[in-house]
1. Filter segment 264-306 for residues that are of a type in the set (A, V, I, L, M), surrounded by 21 or more Cβ atoms within 10 Å (Cβ to Cβ) and over 30 Å from Met224 (Cβ atoms) and give the result.
2. Please specify each residue of segment 175-185 satisfying the condition of being modelled with pLDDT of 95 or more and either of a type in the set (Val, Ile, Thr) or farther than 10 Å from Ile243 by Cα (or both).
3. Looking at Ser149, Ser156, Ser169, which one is surrounded by 15 or more Cβ atoms within 10 Å (Cβ to Cβ), of a type in the set (Ser, Thr, Tyr), closer than 24 Å to Val24 by Cα and at pLDDT 95 or above?
4. Anything in segment 64-76 that is surrounded by fewer than 16 Cβ atoms within 10 Å (Cβ to Cβ) and either outside the structural domain of Gly21 (by TED's automatic domain parsing) or under 27 Å from the mean Cα position of the chain (by Cα) (or both)? List them, or say none.
5. Which members of segment 296-315 meet the condition of being small (Gly, Ala, Ser) and farther than 26 Å from Ser169 by Cβ?
6. Which one is surrounded by the most Cβ atoms within 10 Å (Cβ to Cβ), of the residues in segment 342-381 that are within 30 Å of Ala231 (Cβ to Cβ) and at pLDDT below 95?
7. Looking at Ala320, Ala329, Ala335, Ala283, which one is of a type in the set (A, V, I, L, M, F, W, C), modelled with pLDDT under 95 and closer than 22 Å to Leu117 by Cα?
Amino acid sequence: MSDHVRQQIASTAGLIVVKVGSRVLTGADGLLDAGRIESLGRQIAAVGQSGRQVVLVSSGAVAAGMGRLGLAKRPTELAHLQAVAAVGQSCLIEAWERALRGHGRHVAQVLLVAEDLSDRARHLNIRNTLRTILEYGAVPVINENDTVSTVELRTSFGDNDQLAARVASLLGANLLVLLSDVAGLFDRHPEEPGATVVSRVDRIDGSIEALARDRPGGLSKGGMASKLAAADIVTEVGGHCVIAAGREEAAFERICRGEAVGTVFVGRDTPVSAWKRWLGWSAEARGGLVVDAGARQAIVTGGRSLLAAGITGLDGEFTAGDVVTIASAGGPVFARGLVNYPAAELARITGLRTERIAEVLGYCPYDEVIHRDNLAVLSRP
C-alpha cells in the first residue's frame with residue numbers, strides 16, 4: 001500500500017484518541033512496566049508538541065493494584081476485582097503523570113461508565129469537559145469506572161477498545177489508535193507459517209471479521225474481535241483507526257507521522273454529524289422495530305424517513321422520544337433513531353399508510369415514525 005493514504009490520515013488528524021492495552025503496559029510479571037509508560041508518555045508529549053491534541057484511554061488499573069497490594073494472581077470475585085482496580089487507579093494515574101510531567105504536560109483523570117455516554121445531557125457535558133481539558137494543554141486519561149460498573153471487569157463496555165471508540169465518536173476525533181500486544185490484523189492465525197499483517201482495510205465486512213482470532217486469559221479483556229468492533233464504530237462515523245503493537249519502538253509517534261505501522265482502517269468519506277453519532281453509537285435503545293425490504297432500502301440508500309407502512313413488527317416498551325433500533329426480519333440492526341410514537345400507539349398503526357393514522361388513533365401528530373434527521377444508519381450502503 002502506498003504510504004500516501006496513511007500520511008494523509010496522519011496530516012489531517014488534529015485530534016487523536018489512543019488506547020493502550022494492559023498487555024502493553026505490563027511486564028512479564030503482570031505488573032505495570034514503568035519504563036514502557038515513560039516511553040509512551042514521551043511519545044504522547046511529542047505528538048502533542050506537533051500541534052495535535054491527544055486523548056489517552058488507559059487500561060492497567062487491576063495490574064497496578066496488584067502491584068501495590070503485592071498480589072501474585074488476578075482476583076476472580078467481582079468485589080475483589082473492583083477493590084484492586086480502585087487501589088490501582090491511583091497508581092495508574094500517578095504513573096502517567098510522572099511520564100508526562102517531565103515533558104511539560106499534566107494529566108486529567110476521567111472515569112466513565114456506559115450510562116455517561118448514553119444519556120444525552122451527560123454525553124454533552126463529558127464532551128465539553130474533555131474539550132476544556134485539552135484547551136488547558138492537559139492530557140485526559142480515561143478509564144472505565146470499575147468501582148461503579150458491575151460488568152466491566154468481567155465483560156465490559158465492551159471493554160476499553162469499545163470505550164475508546166465511543167470517546168473518539170463523542171469528540172469527532174480523526175484518528176483512533178489501538179495499541180495492543182499484536183502487530184495488527186493478520187491474514188490468518190498469527191502463529192501459522194506465512195501469516196502477515198493486513199496493511200489496509202477499506203471496509204470491515206464478514207471476510208474481515210472472519211480474520212479475528214481472540215485468545216483467552218491474562219490481564220487483558222480485549223481481543224481482535226473487540227478491536228474490529230471498535231474500528232467499525234470509528235470508520236462508520238468518518239474517522240480512521242490503526243491497530244498496532246504498542247511495544248514496538250516509537251509505534252505511536254510513527255503512526256502519527258504516517259508510517260506503515262500495523263493495520264489502518266480507512267473511514268467513510270462523509271463524516272457523520274455529532275447528533276447522529278450519539279443516536280447511532282452512544283444512546284441506549286429502549287426498543288426495536290422490524291421493517292420490510294422497501295423501508296430498509298429507502299432508509300439506507302435513499303436517506304428517507306421511516307413510515308408506519310414499512311414497519312412489520314416492534315419490540316419493547318418505549319415512549320415517544322426514545323431511541324429504538326431498526327432491523328429487517330431475521331437480519332442485523334442497520335439503523336437507530338428517535339421514535340415519534342409510543343409502542344402502544346405504534347402497534348395499532350404498524351403497516352398502515354400515513355393517511356390512515358388519524359383514522360385509527362384519532363390524531364396524527366407526525367407523518368413519520370422516525371424522521372430522517374433523527375435517524376442514523378450504522379453501516380455504509
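1. The answer is Leu289, Val291, Ala295, Ile299, Leu306.
2. Residues satisfying the conditions are Leu175, Val177.
3. Details: Ser149 fails: at pLDDT 95 or above; Ser156 fails: at pLDDT 95 or above.
The conditions single out Ser169.
4. Correct list: Thr76 only.
5. Scanning segment 296-315 gives Ala308, Ala309, Gly310, Gly313.
6. Looking at residues that are within 30 Å of Ala231 (Cβ to Cβ) and at pLDDT below 95, I get Leu378.
7. Working: Ala320 fails: modelled with pLDDT under 95; Ala329 fails: closer than 22 Å to Leu117 by Cα; Ala335 fails: modelled with pLDDT under 95.
Going through Ala320, Ala329, Ala335, Ala283 in turn, the sole match is Ala283.
Yes/no matrix, rows are residues, columns are (1) more than 20 Å from Val5 (Cα to Cα); (2) among the basic types (Lys, Arg):
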position: Gly239; (1), (2): no, no
position: Arg257; (1), (2): no, yes
position: Trp278; (1), (2): yes, no
position: Val290; (1), (2): yes, no
position: Ala295; (1), (2): yes, no
position: Val300; (1), (2): yes, no
position: Gly303; (1), (2): yes, no
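The values are calculated or read from the model by the stated rules, or taken from the named source; none is laboratory data. Quick caveat: nothing in here was measured; it's all calculated off a predicted structure. With ideal geometry, Cβ positions are generated from the backbone for all residues, glycine too; neighbour counts draw on all protein chains shown.
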